[in-house]
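What follows is a short report on a single structure.
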Amino acid sequence: MIDIAKKHLDRGWSLFPLWPNTKIPMTTHGFKDSSNSIEQIQKWWSKTKDANIGIATGRKSGIVVIDIDVKKNKSGIRAKGKQSFKNIKGLLPITYTVTTTTKGWHLYYRSEIEIGCRNGWQPGIDIKADGGYVVAAGSVIDGKIYDEQD
(Lines give C-alpha, C1' and ligand atoms only; values in the text may rest on other atoms or scores of the structure.)
Protein backbone atom coordinates (compact mmCIF):
# COMPACT_ATOMS: atom_id res chain seq x y z
CA MET A 1 0.00 0.00 0.00
CA ILE A 2 2.94 2.35 0.55
CA ASP A 3 3.58 2.49 -3.21
CA ILE A 4 -0.07 3.35 -3.85
CA ALA A 5 0.03 5.99 -1.09
CA LYS A 6 3.14 7.54 -2.70
CA LYS A 7 1.30 7.73 -6.03
CA HIS A 8 -1.52 9.70 -4.40
CA LEU A 9 1.02 11.83 -2.55
CA ASP A 10 2.61 12.69 -5.92
CA ARG A 11 -0.77 14.11 -6.96
CA GLY A 12 -0.45 16.61 -4.12
CA TRP A 13 -3.08 15.01 -1.91
CA SER A 14 -2.93 14.97 1.88
CA LEU A 15 -3.18 11.38 3.17
CA PHE A 16 -3.80 9.46 6.37
CA PRO A 17 -4.13 5.75 7.16
CA LEU A 18 -7.40 3.89 7.53
CA TRP A 19 -7.65 0.62 9.42
CA PRO A 20 -7.18 -2.34 7.06
CA ASN A 21 -10.39 -3.49 5.38
CA THR A 22 -12.29 -0.38 6.59
CA LYS A 23 -13.03 3.32 6.01
CA ILE A 24 -12.17 4.09 9.66
CA PRO A 25 -9.22 6.43 10.37
CA MET A 26 -6.29 4.97 12.31
CA THR A 27 -5.17 8.39 13.55
CA THR A 28 -6.70 10.14 16.54
CA HIS A 29 -8.13 13.04 14.52
CA GLY A 30 -8.72 11.32 11.17
CA PHE A 31 -8.49 13.61 8.15
CA LYS A 32 -7.30 16.45 10.40
CA ASP A 33 -4.09 14.45 10.91
CA SER A 34 -3.53 14.01 7.17
CA SER A 35 -0.11 14.79 5.77
CA ASN A 36 1.67 15.35 2.48
CA SER A 37 5.05 14.54 4.06
CA ILE A 38 6.73 11.45 2.58
CA GLU A 39 8.41 10.82 5.93
CA GLN A 40 5.07 10.73 7.76
CA ILE A 41 3.48 8.52 5.08
CA GLN A 42 6.40 6.06 5.30
CA LYS A 43 6.14 6.04 9.10
CA TRP A 44 2.40 5.26 9.07
CA TRP A 45 2.58 2.53 6.42
CA SER A 46 5.72 0.94 7.86
CA LYS A 47 3.66 0.22 11.01
CA THR A 48 0.58 -1.14 9.18
CA LYS A 49 1.53 -2.19 5.66
CA ASP A 50 -2.03 -3.09 4.62
CA ALA A 51 -3.67 0.08 5.95
CA ASN A 52 -6.19 1.57 3.53
CA ILE A 53 -5.62 5.14 2.37
CA GLY A 54 -7.73 8.15 3.26
CA ILE A 55 -7.52 11.41 1.32
CA ALA A 56 -8.48 14.65 3.07
CA THR A 57 -10.73 16.56 0.69
CA GLY A 58 -11.13 20.31 0.36
CA ARG A 59 -8.34 22.84 0.46
CA LYS A 60 -5.99 20.49 2.32
CA SER A 61 -5.61 18.46 -0.91
CA GLY A 62 -7.01 21.00 -3.36
CA ILE A 63 -9.87 18.71 -4.39
CA VAL A 64 -13.62 18.36 -4.18
CA VAL A 65 -15.04 14.88 -4.73
CA ILE A 66 -18.55 14.13 -5.93
CA ASP A 67 -19.57 10.85 -4.26
CA ILE A 68 -22.24 8.97 -6.20
CA ASP A 69 -23.85 6.19 -4.18
CA VAL A 70 -25.78 3.33 -5.79
CA LYS A 71 -25.82 0.66 -3.05
CA LYS A 72 -28.98 -0.58 -1.38
CA ASN A 73 -29.78 0.62 2.12
CA LYS A 74 -30.77 -1.67 5.01
CA SER A 75 -34.38 -1.71 3.71
CA GLY A 76 -33.23 -2.94 0.30
CA ILE A 77 -33.95 0.38 -1.43
CA ARG A 78 -31.27 1.33 -3.96
CA ALA A 79 -29.76 4.82 -3.62
CA LYS A 80 -30.78 7.22 -6.37
CA GLY A 81 -27.25 8.34 -7.19
CA LYS A 82 -27.23 6.74 -10.63
CA GLN A 83 -30.42 8.56 -11.70
CA SER A 84 -29.27 11.84 -10.14
CA PHE A 85 -25.94 11.50 -11.94
CA LYS A 86 -27.72 11.04 -15.28
CA ASN A 87 -29.50 14.36 -14.61
CA ILE A 88 -26.25 16.30 -14.06
CA LYS A 89 -23.75 14.29 -16.13
CA GLY A 90 -23.70 16.71 -19.07
CA LEU A 91 -22.86 19.58 -16.73
CA LEU A 92 -19.66 17.99 -15.42
CA PRO A 93 -16.32 17.74 -17.23
CA ILE A 94 -14.58 14.38 -17.54
CA THR A 95 -12.24 13.87 -14.60
CA TYR A 96 -10.23 11.39 -12.53
CA THR A 97 -12.78 8.78 -11.42
CA VAL A 98 -12.68 5.95 -8.92
CA THR A 99 -15.23 3.11 -8.76
CA THR A 100 -16.10 2.37 -5.15
CA THR A 101 -16.46 -1.09 -3.64
CA THR A 102 -20.26 -0.75 -3.89
CA LYS A 103 -20.10 0.14 -7.64
CA GLY A 104 -20.64 3.86 -7.04
CA TRP A 105 -18.18 6.52 -8.16
CA HIS A 106 -15.93 9.24 -6.79
CA LEU A 107 -15.40 12.09 -9.27
CA TYR A 108 -12.38 14.24 -8.36
CA TYR A 109 -12.20 17.96 -9.23
CA ARG A 110 -9.47 20.51 -8.47
CA SER A 111 -10.59 23.33 -6.20
CA GLU A 112 -8.71 25.97 -4.24
CA ILE A 113 -11.77 27.65 -2.71
CA GLU A 114 -13.44 26.73 0.56
CA ILE A 115 -16.40 24.44 0.00
CA GLY A 116 -18.00 22.51 2.83
CA CYS A 117 -19.19 18.94 2.59
CA ARG A 118 -22.80 18.51 1.52
CA ASN A 119 -24.50 15.21 2.21
CA GLY A 120 -27.61 14.73 0.08
CA TRP A 121 -26.61 17.44 -2.42
CA GLN A 122 -28.76 15.44 -4.86
CA PRO A 123 -30.52 12.15 -4.09
CA GLY A 124 -27.68 9.62 -3.68
CA ILE A 125 -24.95 12.23 -4.24
CA ASP A 126 -22.72 13.80 -1.60
CA ILE A 127 -20.02 16.45 -1.96
CA LYS A 128 -16.77 15.69 -0.11
CA ALA A 129 -14.76 18.87 0.48
CA ASP A 130 -13.50 20.85 3.49
CA GLY A 131 -14.22 18.81 6.60
CA GLY A 132 -14.32 15.44 4.86
CA TYR A 133 -12.40 12.63 3.24
CA VAL A 134 -12.67 9.79 0.76
CA VAL A 135 -11.15 6.33 0.55
CA ALA A 136 -8.40 6.34 -2.07
CA ALA A 137 -8.07 4.14 -5.14
CA GLY A 138 -6.11 1.01 -4.28
CA SER A 139 -7.80 0.57 -0.90
CA VAL A 140 -9.59 -2.73 -0.30
CA ILE A 141 -12.71 -3.59 1.70
CA ASP A 142 -14.03 -7.16 1.89
CA GLY A 143 -11.82 -8.18 -1.03
CA LYS A 144 -13.21 -5.41 -3.27
CA ILE A 145 -10.94 -2.64 -4.49
CA TYR A 146 -11.49 1.08 -4.96
CA ASP A 147 -10.47 1.09 -8.60
CA GLU A 148 -9.17 3.91 -10.82
CA GLN A 149 -11.03 4.31 -14.12
CA ASP A 150 -9.28 4.95 -17.42
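The values are calculated or read from the model by the stated rules, or taken from the named source; none is laboratory data. Because the structure is predicted, anything quoted here is derived from the model rather than measured. Quick reminder, even Gly has a Cβ in these numbers, built from the backbone with ideal geometry, and neighbours come from all protein chains shown. These accessible areas exclude ligands, DNA and RNA; they are computed on the full protein's heavy atoms, side chains included. Shrake-Rupley method; radii C 1.70, N 1.55, O 1.52, S 1.80 Å.
Among the residues that make up region 73-92, is at least one of them surrounded by 15 or more Cβ atoms within 10 Å (Cβ to Cβ) and under 17 Å from Trp13 (Cα atoms)?
No.
Do you know which of the residues in region 107-150 that are polar (S, T, N, Q) and out of contact with any Asp or Glu (no Cβ under 8 Å at 6 or more places or on another chain) is farthest from Ile66 (Cα to Cα)?
Kept after step one, since they are polar (S, T, N, Q), are these residues of region 107-150: 111, 119, 122, 139, 149.
If we keep only those that are out of contact with any Asp or Glu (no Cβ under 8 Å at 6 or more places or on another chain) too, we end up with 111, 122, 139, 149.
On the way: Ser111: 12, Gln122: 10, Ser139: 18, Gln149: 15 Å.
Top of the filtered list is Ser139.
Could you count how many residues in region 5-63 are open to solvent by 10 Å² or more (accessible area, probe 1.4 Å) and at positive phi?
2
Scan region 114-143 for residues that are in contact with a Phe, Trp or Tyr (Cβ under 9 Å, 6 or more places away or on another chain), over 22 Å from Lys32 (Cα atoms) and part of a loop (DSSP other than H, G, I, E, B) and report the count.
Residues meeting the conditions: 1.
Are there helices (runs of 4 or more DSSP H) fully within region 1-105 with at least 1 residues that are under 13 Å from Ala136 (Cβ atoms), of a type in the set (Gly, Ala, Ser) and in contact (Cβ under 8 Å) with a residue 12 or more places away in the chain? List them. If you could, list the steps in order and put the result at the bottom.
Working: elements: 2-10, 38-47, 81-88.
Fully inside region 1-105 and qualifying: 2-10.
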